[in-house]
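Report on the structure given below.
The values are calculated or read from the model by the stated rules, or taken from the named source; none is laboratory data. Everything numeric here is computed off the predicted structure, so don't read it as measured data. We place every Cβ from the backbone using ideal geometry, glycine too, and count neighbours over all the protein chains shown. Just so you know, the surface numbers come from the protein's heavy atoms only, side chains and all, with ligands and any DNA or RNA stripped out. Shrake-Rupley method; radii C 1.70, N 1.55, O 1.52, S 1.80 Å.
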Amino acid sequence: MTEKSSLTYADAGVDIDAGNALVERIKPLVRSTRRRGADAEIGGFGGLFDLKAAGFVDPILVAANDGVGTKVKIAIETGVHDTIGIDLVAMCVNDLVVQGAEPLFFLDYYASGRLDPKIAADVVAGIARGCVEAGAALIGGETAEMPGLYAGGDFDLAGFAVGAVERAKLLPRTDIAPGDVLFGLKSSGVHSNGFSLVRKIVANLGLGWDAPAPFDVEKTLGEALLTPTRIYVKAALAALAECDGVKALAHITGGGFPDNLPRVLPGGLGARLDLSAIQVPRVFAWLAASGGVGEAEMLRTFNCGVGMIIIASRESAAVLERALRNQGEAPIALGEVVEAGDGERVVYSGRLGL
């Protein structure tokens, strides 16, 4: 081929120079996540972590990966890109801490149709903020530009987190029993589950993301729905350190209470929850009313105001509650562990304040 007719990777829609520019742009963000065991430098072929330097003696490694679902579509359509990375970290590290693990490091995957270094850097800024809050080092990631697979300015995210817990402290414990108590930690809103339903309700109402949020007059609808997922790591680890009666934690994500609580309960046991104890955020009442969504469907789709549940012995309830309040939490006494037999694993009293 002649020089005039020869093709380049850029002609095919992939800009290597933009990718290199992004790496240089985010290096300071990545360095801000340094912690014991990791220097949080990027640019090599793999990230390193030193478990011994982090202080572990007999660790079990725990790994988790997740995305943010179609919440990312709202970030794309509103042009607000600096919070969705917090969601990405939260969805992964919250799954680590429920097994008693301290998050150690995080890696991200960012795929787009056309790499915009400014947008990608904003996303990574959110990831770095989430990592700092979770105490995890951002030690690497991957940026992929894939024209033809992603349209225009569309992008998607995936996150990968690794944590460690000393072998003797792995959760859930095997001694969960009827009478153990459940405490709930408040969510910040919808978090990162159920957004296909959220977006359908918004579309059916004909609302734009720049419309005032019906449930929060100080924000636009897009801004309000992009409120990041809460990261529960520091509160949960503090509770585990101060209260030896904690037996299990459950991250309330897609599937809500009925799907997530049984994942940490032994066979034959279930949970009885007092729904009237939950101070339901206004966004859920709005979604239920605007979409005609029944209580049962709300409970299996959304967190409904509780993003994390802690199960502990009744004798340790006061110590646990004090530890959580010292972390700025306002724990909700949700209910107790009960015999389930062959019946429903999660049963309710009271009603949600929808």
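Sub-9 Å Cβ pairs linking a first residue in segment 164-188 that is closer than 26 Å to residue 137 by Cβ to a second residue that is in a strand (DSSP E or B) and open to solvent by 70 Å² or more (accessible area, probe 1.4 Å), at least 6 apart or interchain, are 164/61; 165/61, ordered by first then second residue. Here residue 270 qualifies as small (Gly, Ala, Ser), closer than 18 Å to residue 249 by Cα and out of contact with any helix residue (DSSP H, G or I) (no Cβ under 6 Å at 6 or more places or on another chain).
Restricting attention to segment 318-348, the residues that are open to solvent by 50 Å² or more (accessible area, probe 1.4 Å), touching a helix residue (DSSP H, G or I) at 6+ places or on another chain (Cβ under 9 Å) and among the small types (Gly, Ala, Ser) add up to 2. Which residue, of 135, 153, is more than 17 Å from residue 63 (Cβ to Cβ), open to solvent by less than 50 Å² (accessible area, probe 1.4 Å), of a type in the set (Gly, Ala, Ser) and touching a residue at least 24 places away in the same chain (Cβ under 8 Å)? After ruling out the rest, the residue left standing is 153.
Residue 196 meets the conditions (1) of a type in the set (Gly, Ala, Ser); (2) in contact with a strand residue (DSSP E or B) (Cβ under 9 Å, 6 or more places away or on another chain); (3) open to solvent by 10 Å² or more (accessible area, probe 1.4 Å); (4) over 23 Å from residue 45 (Cα atoms) in every case but one. The failed one is (2). Scanning segment 199-229 for residues that are surrounded by fewer than 21 Cβ atoms within 10 Å (Cβ to Cβ) and either in contact with a Phe, Trp or Tyr (Cβ under 8 Å, 6 or more places away or on another chain) or within 27 Å of residue 133 (Cα to Cα) (or both) yields 214, 215, 216, 218, 219, 220, 222, 223, 227. Listed by first and then second residue, the pairs linking a residue in segment 60-84 that is over 16 Å from residue 195 (Cα atoms) to a residue that is open to solvent by 20 Å² or more (accessible area, probe 1.4 Å) and polar (S, T, N, Q), with Cβ atoms under 7 Å apart and 6 or more places separating them unless they lie on different chains, are 62/99. Note on segment 286-317: among residues that are surrounded by fewer than 17 Cβ atoms within 10 Å (Cβ to Cβ) and not basic (Lys, Arg), the one that is farthest from residue 201 (Cα to Cα) is 315.
Residue 119 meets each of the listed conditions (1) open to solvent by less than 10 Å² (accessible area, probe 1.4 Å); (2) without any contact (Cβ under 8 Å) to a residue 60 or more places away in the chain; (3) among the aliphatic types (A, V, I, L, M) apart from (1).
The condition (being open to solvent by 70 Å² or more (accessible area, probe 1.4 Å) and of a type in the set (D, E, K, R)) is satisfied by just one residue among 87, 17, 66: 17. Scanning segment 109-137 for residues that are under 16 Å from the mean Cα position of the chain (by Cα) and within 28 Å of residue 310 (Cα to Cα) yields 126, 127, 128, 129, 130, 131, 132, 133, 134, 135, 136. Scanning segment 217-237 for residues that are among the charged types (D, E, K, R) and modelled with pLDDT of 95 or more gives 219, 223, 230, 234. Among the residues of segment 269-281, those that are open to solvent by 30 Å² or more (accessible area, probe 1.4 Å) and part of a loop (DSSP other than H, G, I, E, B) comprise 279, 281.
If the condition is being more than 23 Å from the chain's Cα centre (by Cα) and modelled with pLDDT under 75, then segment 24-60 contributes 41, 42, 43, 44. Can residue 184 be described as touching a strand residue (DSSP E or B) at 6+ places or on another chain (Cβ under 7 Å), crowded, with 22+ Cβ neighbours inside 10 Å and within 29 Å of residue 292 (Cβ to Cβ)? Against the criterion (touching a strand residue (DSSP E or B) at 6+ places or on another chain (Cβ under 7 Å), crowded, with 22+ Cβ neighbours inside 10 Å and within 29 Å of residue 292 (Cβ to Cβ)), residue 184 qualifies.
Test residue 27 against the criterion of being under 22 Å from residue 144 (Cα atoms) and in contact (Cβ under 8 Å) with a residue 24 or more places away in the chain, and give yes or no. Spelling it out, it is not the case that residue 27 is under 22 Å from residue 144 (Cα atoms) and in contact (Cβ under 8 Å) with a residue 24 or more places away in the chain. Going by what's in this entry, would residue 236 be described as in contact with a helix residue (DSSP H, G or I) (Cβ under 6 Å, 6 or more places away or on another chain) and crowded, with 21+ Cβ neighbours inside 10 Å? Yes; evaluated as a whole, the condition is true for this residue.
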